[in-house]
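Single-structure report; data block below.
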Amino acid sequence: MKENMKYDTHYYQLREYVLTRMMNIIIQQKTAQDDGIVFYGDSLTELCDLDKYYPEIKNKYNCGICGITSDMLLHFIDEGVIKYRPSKVIIMIGTNDLGDTVMASPREIALNIKEMVEIIHNNLPKCQIYLLSSIPCIEKEHGYKAKKSGLRSNDMLKMIFKEMKNVIVYDYIQFINVYSSLCNKKGEPIENLYVDGLHINDQGYQLLTQTIRSAIL
């Protein structure tokens with residue numbers, strides 16, 4: 001599809017890179033050990049060096065996909081999570097849903113995630129499921145006012161986590177709020193933790209993964 005396609009709720013933009021990444025995740029799955037830990041999400045997950053930031057975890061699998069949305073992750077859940085047969089899965093998704101090609105509401109995103117966790121639990125009832133909040137963006141670079149498109153703002157990103165808690169009320173879910181790990185005492189995102197206003201650098205990942213590690217280990 002064209003890079004500048006008009007917004008249409010009935011079509012997704014599965015570009016070549018996404019398809020290639022999906023195939024790599026499927027190939028990785030073939031040799032994965034049972035009872036490992038799967039990290040499932042978008043570019044913030046894919047770009048995270050699991051060996052560097054989680055050295056104490058022996059069997060860990062990066063199933064992040066750059067540019068992916070919650071709806072696409074939902075439809076890839078069997079290959080991206082279920083067939084790995086993990087003991088734990090960590091899910092962080094939502095910011096891409098607020099981009100200009102999807103523009104889903106926080107509730108729609110939360111309902112997609114709810115369906116994801118239901119599928120995981122029904123197939124892997126002993127698997128511990130962790131749902132992460134989105135991290136903030138630097139709005140002057142990636143907010144909808146700066147981009148003049150999409151819906152992304154830090155208020156909307158925080159609203160996704162709020163909606164997740166409202167609609168996903170199962171006792172087998174653990175929520176982890178990582179938003180504040182990248183903020184100063186005023187609750188504002190720290191700019192020098194970012195490489196482009198949306199993705200984070202090494203220092204940002206150190207703070208982010210420290211919060212996650214303390215919850216899952």
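Projecting the Cα atoms of Ile129, Ser214, Met23 onto the charge dipole of the chain, computed from C-beta unit charges around the Cα centre, puts Ser214 farthest toward the positive end.
Computed over the chain, the quotient of the alpha carbon radius of gyration and 2.2 N^0.38 Å is 0.96.
The label-point distance for Leu50 and Phe175, in a model that sets each label 7 Å from Cα toward Cβ, rounds to 2.6 nm.
What are the lysines whose alpha-carbon lies under 25 Å from the alpha-carbon of Lys60, with same-chain residues fewer than 8 places away excluded? Here the lysines satisfying the reach criterion relative to Lys60 are Lys30, Lys52, Lys83, Lys88, Lys114, Lys126. Most mobile of Ser149, Ser134, Ser181 per a Gaussian network model of the chain (Cα springs, under 10 Å)? Taking springs between Cα atoms under 10 Å, the residue moving most is Ser149. What you get for the chain, charging only the Cβ of Lys and Arg (+1) and of Asp and Glu (-1), is a dipole of about 260 debye around the Cα centre. Share of carbon and sulfur in the accessible area of the chain stands at 50%, probe radius 1.4 Å.
The mean sequence separation of alpha-carbon pairs under 8 Å and at least six residues apart, normalised by the residue count of the chain, gives a relative contact order of 18 percent.
Over the residues of the chain, the helix contribution to mean residue ellipticity at 222 nm works out to -11500 deg cm²/dmol, using -39500 (n - 2.57) for each DSSP H run of at least 4.
Accessible area per residue for region 143-217 is 56 Å², calculated with a 1.4 Å probe on protein heavy atoms, without ligands, DNA or RNA.
For Lys162 and His75, the FRET efficiency from 1/(1 + (r/R0)^6), where r spans their Cβ atoms and R0 equals 30 Å, is about 0.75.
Its Cα centre serving as origin, region 99-217 has a Cβ charge dipole (Lys and Arg +1, Asp and Glu -1) of approximately 220 debye.
Think of a 1.4 Å ball rolled over the protein heavy atoms: region 1-142 then has 48 Å² of accessible area per residue. For region 120-217, the list of chymotrypsin sites (Phe, Trp or Tyr not before Pro) that fall in a loop by DSSP and count at most 15 other C-beta atoms within 10 angstrom reads Tyr170, Tyr172.
The values are calculated or read from the model by the stated rules, or taken from the named source; none is laboratory data. Treat the numbers as computed from the prediction; the structure is a model and nothing was measured. Every residue, glycine as well, gets a Cβ built from its backbone with ideal geometry; the counts of neighbours run over all protein chains shown. We work out accessible area using only protein heavy atoms, side chains counted, and drop any ligands, DNA or RNA first. Shrake-Rupley method; radii C 1.70, N 1.55, O 1.52, S 1.80 Å.
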